[in-house]
Amino acid sequence: MPKIRIVGAGPTGTLLAILLTRRGAAQVELYESRPDLRGAAAESGRSINLALADRGIHALKAAGVLDALGSAMLPMRGRLIHHANGETLFQPYGQRPNEVIYSISRHRLNQVLLEVAARHSGIQLHFEHRFEAADFAAGTARIRDLKEDQVLNVPMQPLLAADGAGSVMRREMSALNLIQARETDLEHGYKELSIPARPARGYPMAYDALHIWPRGNFMLIALPNDDGSFTATLFLPKQGAVSFESLRDCAAIDRFISREFPDARALMPDCVEEFKAHPVGFLGTVAATPWHAHGLAALIGDSAHAMVPFHGQGMNCCFEDCVEFDACVARHSSWEAVFAEFGAARKPDTDAIAAMALENYLEMRERVADPKFQLQQALSLELERRFPRQFIPRYSMVMFHHEIPYRAAQQRGATQAAILADLTAGTVASLAEVDFERAESAISARLSPV
Ligand SMILES: Cc1cc2nc3c(=O)[nH]c(=O)nc-3n(C[C@H](O)[C@H](O)[C@H](O)COP(=O)(O)OP(=O)(O)OC[C@H]3O[C@@H](n4cnc5c(N)ncnc54)[C@H](O)[C@@H]3O)c2cc1C
């Protein structure tokens with residue numbers, strides 16, 4: 001039975017271990033540098049909840065993990081926009097009852113994945129074991145047992161590096177010229193703030209929505225938690241006139257949050273202290289090619305293709321990787337062939353979602369507040385109602401249709417955007433003014449059925 005080594009027991013490494021061992025055809029040694037988080041409290045200040053969508057759900061179902069998440073998944077039906085003038089506007093994400101995304105605690109999800117993994121006899125979990133280096137000539141990886149301060153040299157054949165955006169393996173492969181890798185930092189960073197639960201007074205805000213305060217060059221968002229609280233994330237330039245760097249003292253921080261997000265400020269009693277205490281998180285895109293070397297080691301998940309979080313797809317995309325990798329393992333007998341097919345199948349899709357995630361930043365912080373954009377959103381849903389086999393809004397293709405690859409969503413999305421721009425050009429300001437006959441001929445000429 002093949003023994004597979006995986007580095008990193010985050011969402012990708014753990015789900016991959018479960019998928020690879022569930023048919024009893026492989027054994028997995030899973031090495032994680034941090035201590036076991038089962039039974040431990042969550043770390044504060046670092047992206048504590050995530051949006052889980054159809055692609056991630058599909059993968060969790062395939063691995064038999066979804067049922068264990070149960071009430072930890074909180075449905076969000078749309079965006080609730082908080083305008084600068086205090087008005088709010090709800091924009092539904094989709095139009096069918098199942099077209100929702102779920103807020104889920106990162107910590108809880110990771111715990112559940114580890115609990116399921118621990119029940120698989122084919123998986124050995126090694127916490128506080130840090131991967132340090134690879135020797136491709138000898139075919140071994142150096143892993144340090146941090147508790148014993150002992151070095152283990154384990155055979156790679158194969159070693160899958162699910163060690164996240166700052167992947168040691170990717171940097172090592174790149175330094176050895178085995179792959180080409182690029183890390184592009186966004187000029188914006190993020191900080192987490194909390195909106196506490198109000199047990200006696202009901203939810204502080206609508207509970208079934210992702211809240212957005214779009215403010216042009218920056219924004220605040222908030223996702224619900226299962227204890228009735230929300231976690232807010234402030235995205236702001238790292239440097240410049242209005243930036244994390246310029247907001248140094250408590251008075252300036254308070255003035256900024258009170259001026260830009262007065263309704264949120266009223267719900268965040270500790271935001272100034274949290275702003276001071278929490279680190280600025282970095283955001284960026286990782287691109288690498290190829291993702292493997294010598295049939296010995298391969299990158300998977302964020303280590304291969306970390307992206308900015310503005311489409312809420314990073315982890316969903318990683319979970320899709322795991323399903324595809326498992327399918328490649330079932331089709332091929334050599335690791336070289338598995339790695340080659342996995343990379344060829346996934347890279348065009350991960351490039352597409354990384355690009356769409358970057359575009360979505362502008363959409364979230366600026367365009368959602370624009371009346372023309374709002375009209376185009378409403379028109380997208382109307383066109384989907386009228387032509388459901390041909391026109392599916394791009395957001396829906398990405399979030400609710402795992403059967404449509406990211407690259408197809410990107411390509412169809414570009415055609416659809418041109419049709420929407422044309423139908424809403426000039427003075428068109430409402431759905432009643434849209435020429436639906438022209439819409440029908442444009443759609444039948446330019447979009448094949450999905
Ligand atoms: C602010 C923010 C918000 C996000 N929101 C969303 C969202 O709403 N929806 C979504 O789908 N995605 C979201 N993401 C992306 C998501 O968090 C990542 O795509 C996902 O966590 C990647 O999983 P991973 O297992 O590949 O990497 P990671 O989650 O980074 O896990 C890597 C694991 O490897 C371990 N490790 C690292 N180095 C070593 C080593 N040398 N040896 C051993 N172990 C090691 C780490 O301790 C960690 O456990 C967000 C990201 C950010 C930053």
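The values are calculated or read from the model by the stated rules, or taken from the named source; none is laboratory data. What you see is a predicted model; the values in this text were computed from it and never measured. Heads up, the Cβs are rebuilt from the backbone with ideal geometry, glycines too, and the neighbour counts pull from every protein chain shown. With ligands, DNA and RNA removed, areas are computed over all heavy atoms of the protein, side chains included. Shrake-Rupley method; radii C 1.70, N 1.55, O 1.52, S 1.80 Å.
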Among the residues in the range 292-307, are any open to solvent by 30 Å² or more (accessible area, probe 1.4 Å), modelled with pLDDT of 95 or more and within 15 Å of the ligand (Cβ to nearest atom)? yes
Of all residues in the range 167-182, count the ones that are farther than 17 Å from I143 by Cβ and either touching a strand residue (DSSP E or B) at 6+ places or on another chain (Cβ under 9 Å) or within 7 Å of the ligand (Cβ to nearest atom) (or both). 7
Can you pull out the residues in the range 308-340 that are open to solvent by 20 Å² or more (accessible area, probe 1.4 Å), out of contact with any Lys or Arg (no Cβ under 7 Å at 6 or more places or on another chain) and away from the ligand (no atom under 12 Å from the Cβ)? V323, A327, V329, A330, R331, H332, S333, S334, W335, E336, A337, A340
Residue in the range 383-392 that is of a type in the set (K, R) and not in a helix (DSSP H, G or I) present: yes
Mind listing whichever residues of the range 101-123 are within 14 Å of the ligand (Cβ to nearest atom) and touching a strand residue (DSSP E or B) at 6+ places or on another chain (Cβ under 6 Å)? I101, Y102, S103, I104, S105, R106, A117
For the range 172-227, give me every one of the strands (runs of 3 or more DSSP E) that falls completely inside it and has 1 or more residues that are at pLDDT 95 or above and buried (at least 21 other Cβ atoms within 10 Å of the Cβ). 188-195, 209-214, 219-224
Take the range 144-166 and flag every residue that is among the charged types (D, E, K, R), within 10 Å of the ligand (Cβ to nearest atom) and without any contact (Cβ under 8 Å) to a residue 40 or more places away in the chain. R144
Just a yes or no: is a residue in the range 72-87 surrounded by fewer than 20 Cβ atoms within 10 Å (Cβ to Cβ) and assigned to a helix (DSSP H, G or I)? yes
Which is under 27 Å from P279 (Cα atoms) and open to solvent by 10 Å² or more (accessible area, probe 1.4 Å), of Y102, Y93? Y102
If we keep only residues of the range 250-264 that are open to solvent by 40 Å² or more (accessible area, probe 1.4 Å) and free of Cβ contacts under 8 Å to residues at least 40 places away in the same chain, then the residue farthest from the ligand (Cβ to nearest atom) is A251
Inspect the range 75-91 for any residue being of a type in the set (G, A, S), at pLDDT below 95 and over 19 Å from the mean Cα position of the chain (by Cα) and give the result as yes or no. yes
What's the number of the only condition in (1) away from the ligand (no atom under 13 Å from the Cβ); (2) on the phi < 0 side of the Ramachandran plot; (3) surrounded by fewer than 18 Cβ atoms within 10 Å (Cβ to Cβ); (4) touching a residue at least 24 places away in the same chain (Cβ under 8 Å) that F275 fails to meet? (3)
Kindly indicate whether any position in the range 412-423 is surrounded by fewer than 19 Cβ atoms within 10 Å (Cβ to Cβ) and of a type in the set (K, R). no
A careful count of residues in the range 18-71 that are open to solvent by less than 20 Å² (accessible area, probe 1.4 Å), modelled with pLDDT under 95 and more than 21 Å from the chain's Cα centre (by Cα) gives 1
Farther than 25 Å from D349 by Cβ, over 23 Å from the mean Cα position of the chain (by Cα), free of Cβ contacts under 8 Å to residues at least 40 places away in the same chain and surrounded by 15 or more Cβ atoms within 10 Å (Cβ to Cβ): which single residue out of L267, L247 fits that description? L247
Within the range 125-143, which residues are over 18 Å from G295 (Cα atoms) and either assigned to a strand (DSSP E or B) or more than 10 Å from the ligand (Cβ to nearest atom) (or both)? L125, H126, H129, R130, F131, E132, I143
Do we find a residue being over 26 Å from the mean Cα position of the chain (by Cα) and at pLDDT 95 or above anywhere in the range 336-347? yes
